[in-house]
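Q: Below are the structure tokens for one structure; questions will follow.
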Amino acid sequence: MEAVAVFDVGKSNAKLALVDLASRAVIADRTTPNNVRRDGPYPHFDVERLWSWLIDGLAEFGRDARITVISTTTHGACFAVTAGDRLALPILDYEFAGPDTVAEAYGKVRGDFAETLSPDLPGGLNTGRQLFWLRQSFPDAFARGDALLPYPQYWVWRLTGTKVAEVTSFGAHTDLWNPRRATFSRLAEAEGWARLVPPMVKPWDTVGMVRADIARQAGLPADCRVVAGIHDSNASLLPHMLRRPSPFTVISSGTWMITFAAGGSLDGLDPARDCLANVDAFARPVPSAMCMAGREFELLAGKAAEPSAEDIVEVVAGRIMALPAFVAGSGPFGRRRGNWSTDPGELSPGRRSASASLYCALVEATCLRLTGAAGPIVVEGPFSRNRLFLAALAVLTPQPVLARPDATGTTGGAALLARGPNAAPPGLPDPESVIPLGHDLSAYAREWQERASA
């Protein structure tokens, strides 16, 4: 059996999946936490541990299948500065607040939202601010840098020895890209960072074969090729781009919930509410919004439990609600400090989970409005299995909501890169539309919006 190995690095966890090239079925997968190291000059990703884990996983999977392609996909807001055959600096964790210390100085040079369609975000969520802070804080090490690699292409370089870049990571709120013109931003040119970017390739382009020493170590065939890779949310979007006419919306969920409104409008995007334009695999801007819904759900639900019908009735009738935002600077209400309408410690696990699910649905409904979303809404990732979230969202929006818990999301999209841009997308029929929640949410939603907007 010939297979593609997909290395998928999310913010919280990394996954290695083995996908049958013929059937596109996921044959096996393994996961590990994506640890952040606190030693060194600043919090940074433990890439050496991930590298060892990846090689071990490839060797394990290679015993049962002939791995002919490796595809990488990672979270955004993550770039590597390399110097020759090593890192010039550790790869910064974008949740580290250090770059906020240069926010005022960076704000004077970062460029306008009208050009980059990239909102001003805290910490290191804007790659430009990361680079600005790194250069100011570690001038000698930064000056030794000879290449700037998006995170998917960092792993491609480790696997092949070749440095390339690809557009989808640049389109993920970096401040380094002009989505309408499909070129580097004025900031990237003026600061000299554009000159550090290696040749730009397409996500499905073959960068090279796996290095011979790695092939021997992992038991891979010598002709195992490595494609350029893709930003993770764009990997989720790719199968839909190949099979659906616009307009449609994809909600890619995980630690982050990213709303892609294909066919929506760029004109109404509000940078103060975490709206942006992502850039798809074909280098086209896509109206988008983002919020850290997965992280917020964990904070709100506590010890999560499936809410009962009674729990839902009590939460809605009693106006028990979580009000945004519980991750500072994230989402359409990120400038507001989150609070509960009641003491959450007095709530049962079911009622906390019900409140958390309704909270996420209300935040997402706001994202849909801000991006001008139209057409069917496809939910992928963990929230596609949250029945209350889905049913509430189906009440809060007039568009049909489709849950794809069977979809492989980032893994499936990244596996498609093995076949190139003309790959036939997965042929799975759409499921039936989600049945809207059988409770009147209008008063609850109206009060929530009023209080959240205050």
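Q: Filter the range 184-209 down to the residues that are part of a strand (DSSP E or B), touching a residue at least 40 places away in the same chain (Cβ under 8 Å) and buried (at least 19 other Cβ atoms within 10 Å of the Cβ) and list them by number.
A: Kept after step one, since they are part of a strand (DSSP E or B), are these residues of the range 184-209: 184, 200-201, 206-209.
Cutting the leftovers down to touching a residue at least 40 places away in the same chain (Cβ under 8 Å) gives us 207-209.
Within the range 184-209, VAL207, MET209 meet the criteria.
Q: Going by the structure shown, is ARG181 over 19 Å from ALA114 (Cα atoms), out of contact with any helix residue (DSSP H, G or I) (no Cβ under 8 Å at 6 or more places or on another chain) and free of Cβ contacts under 8 Å to residues at least 60 places away in the same chain?
A: On the way: over 19 Å from ALA114 (Cα atoms): no; out of contact with any helix residue (DSSP H, G or I) (no Cβ under 8 Å at 6 or more places or on another chain): yes; free of Cβ contacts under 8 Å to residues at least 60 places away in the same chain: yes.
No: the conditions fail for ARG181.
Q: Another one. Tell me whether the range 241-248 contains one or more residues that are in a strand (DSSP E or B), within 21 Å of the chain's Cα centre (by Cα) and not small (Gly, Ala, Ser).
A: The first filter runs over the range 241-248 and keeps only residues in a strand (DSSP E or B), leaving 248.
From what is left, the residues that are within 21 Å of the chain's Cα centre (by Cα) are 248.
Subset that is not small (Gly, Ala, Ser): 248.
The answer is yes, given that some residue of the range 241-248 is in a strand (DSSP E or B), within 21 Å of the chain's Cα centre (by Cα) and not small (Gly, Ala, Ser).
Q: Scan the strands (runs of 3 or more DSSP E) fully inside the range 1-114 and keep the ones with 1 or more residues being aromatic (Phe, Trp, Tyr). Walk me through it before giving the result.
A: Working: elements: 2-9, 13-20, 26-33, 66-74, 79-83.
Per the criteria, 2-9, 79-83.
Q: Still on this model: Select from the range 342-360 the residues that are small (Gly, Ala, Ser) and not in a loop (DSSP other than H, G, I, E, B) and write down the one among them that is farthest from LEU441 (Cα to Cα).
A: At the first step, the residues of the range 342-360 found to be small (Gly, Ala, Ser) are 345, 348, 350, 353-357.
Pick out the ones that are also not in a loop (DSSP other than H, G, I, E, B) and you get 345, 350, 353-357.
Numbers: GLY345: 24, GLY350: 18, SER353: 17, ALA354: 13, SER355: 13, ALA356: 15, SER357: 13 Å.
Among residues in the range 342-360 that are small (Gly, Ala, Ser) and not in a loop (DSSP other than H, G, I, E, B), the one farthest from LEU441 (Cα to Cα) is GLY345.
Q: What number of residues within the range 143-170 satisfy the criterion of being buried (at least 18 other Cβ atoms within 10 Å of the Cβ), over 19 Å from the mean Cα position of the chain (by Cα) and of a type outside the set (Gly, Ala, Ser)? Show your work before the answer.
A: At the first step, the residues of the range 143-170 found to be buried (at least 18 other Cβ atoms within 10 Å of the Cβ) are 145, 147-160, 163-170.
Next cut, over 19 Å from the mean Cα position of the chain (by Cα) only: 145, 147-148, 157-160, 163-164.
The next check asks that each one be of a type outside the set (Gly, Ala, Ser); those that pass are 148, 157-160, 163-164.
Matching residues across the range 143-170 total 7.
Q: Can you work out which of the residues in the range 21-67 that are touching a helix residue (DSSP H, G or I) at 6+ places or on another chain (Cβ under 9 Å) and β-branched (Val, Ile, Thr) is farthest from ARG225 (Cα to Cα)?
A: For the range 21-67, the residue satisfying everything is THR32.
Q: Quick check: anything in the range 355-368 crowded, with 21+ Cβ neighbours inside 10 Å, over 18 Å from TRP256 (Cα atoms) and touching a residue at least 12 places away in the same chain (Cβ under 8 Å)?
A: Yes, the range 355-368 contains at least one residue that is crowded, with 21+ Cβ neighbours inside 10 Å, over 18 Å from TRP256 (Cα atoms) and touching a residue at least 12 places away in the same chain (Cβ under 8 Å).
Q: Here is a check on your reading of the model: is ARG337 out of contact with any helix residue (DSSP H, G or I) (no Cβ under 9 Å at 6 or more places or on another chain) and either among the aromatic types (Phe, Trp, Tyr) or in a helix (DSSP H, G or I) (or both)?
A: Details: out of contact with any helix residue (DSSP H, G or I) (no Cβ under 9 Å at 6 or more places or on another chain): yes; either among the aromatic types (Phe, Trp, Tyr) or in a helix (DSSP H, G or I) (or both): no.
Spelling it out, it is not the case that ARG337 is out of contact with any helix residue (DSSP H, G or I) (no Cβ under 9 Å at 6 or more places or on another chain) and either among the aromatic types (Phe, Trp, Tyr) or in a helix (DSSP H, G or I) (or both).
Q: Right, another one. Tally the residues that are out of contact with any strand residue (DSSP E or B) (no Cβ under 8 Å at 6 or more places or on another chain) and surrounded by 15 or more Cβ atoms within 10 Å (Cβ to Cβ), restricting the search to the range 428-448.
A: Number of matching residues: 6.
Q: Search the range 210-228 for residues being out of contact with any helix residue (DSSP H, G or I) (no Cβ under 7 Å at 6 or more places or on another chain) and outside any loop (DSSP other than H, G, I, E, B), and hand back the single one that is surrounded by the fewest Cβ atoms within 10 Å (Cβ to Cβ).
A: ASP213
Q: Further, regarding this structure: Consider ARG295 against the criteria (1) more than 22 Å from TRP177 (Cα to Cα); (2) touching a helix residue (DSSP H, G or I) at 6+ places or on another chain (Cβ under 7 Å): it satisfies all of them except one. Which criterion is unmet?
A: All conditions pass for ARG295, except number (2).
Q: With the requirement that a residue be in a strand (DSSP E or B) and farther than 27 Å from ARG273 by Cβ, what does the range 120-162 give you? Walk me through how you get there before you give the answer.
A: At the first step, the residues of the range 120-162 found to be in a strand (DSSP E or B) are 147-150.
Across the range 120-162, the qualifying residues are ALA147, LEU148, LEU149.
Q: Can you tell me which residues in the range 36-60 are among the hydrophobic types (A, V, I, L, M, F, W, C) and under 17 Å from ASP213 (Cα atoms)? Give the derivation first.
A: As a first pass, look at the range 36-60 and keep what is among the hydrophobic types (A, V, I, L, M, F, W, C): 36, 45, 47, 50-51, 53-55, 58-59.
Within the range 36-60, TRP51, TRP53, LEU54, ILE55, LEU58, ALA59 meet the criteria.
Q: Name every residue in the range 372-396 that is within 19 Å of CYS275 (Cβ to Cβ) and either of a type in the set (Phe, Trp, Tyr) or free of Cβ contacts under 8 Å to residues at least 60 places away in the same chain (or both), in order of residue number.
A: Selection gives LEU393, LEU396.
Q: Another question, if that's okay. Any idea how many residues of the range 1-33 are closer than 19 Å to ARG295 by Cα and either surrounded by 21 or more Cβ atoms within 10 Å (Cβ to Cβ) or not assigned by TED's automatic domain parsing to the domain that holds CYS224 (or both)?
A: 4
Q: Hey, another quick one. All but one of (1) buried (at least 17 other Cβ atoms within 10 Å of the Cβ); (2) closer than 23 Å to ARG225 by Cα hold for CYS78; state the number of the condition that does not hold.
A: Evaluating CYS78 over (1) buried (at least 17 other Cβ atoms within 10 Å of the Cβ); (2) closer than 23 Å to ARG225 by Cα leaves (2) as the failure.
The values are calculated or read from the model by the stated rules, or taken from the named source; none is laboratory data. It should be emphasised that the depicted structure is a prediction, and the values quoted were computed from it without experimental measurement. Methodologically, a virtual Cβ is constructed for each residue, glycine included, from the backbone with ideal geometry; neighbour enumeration extends over all protein chains shown.
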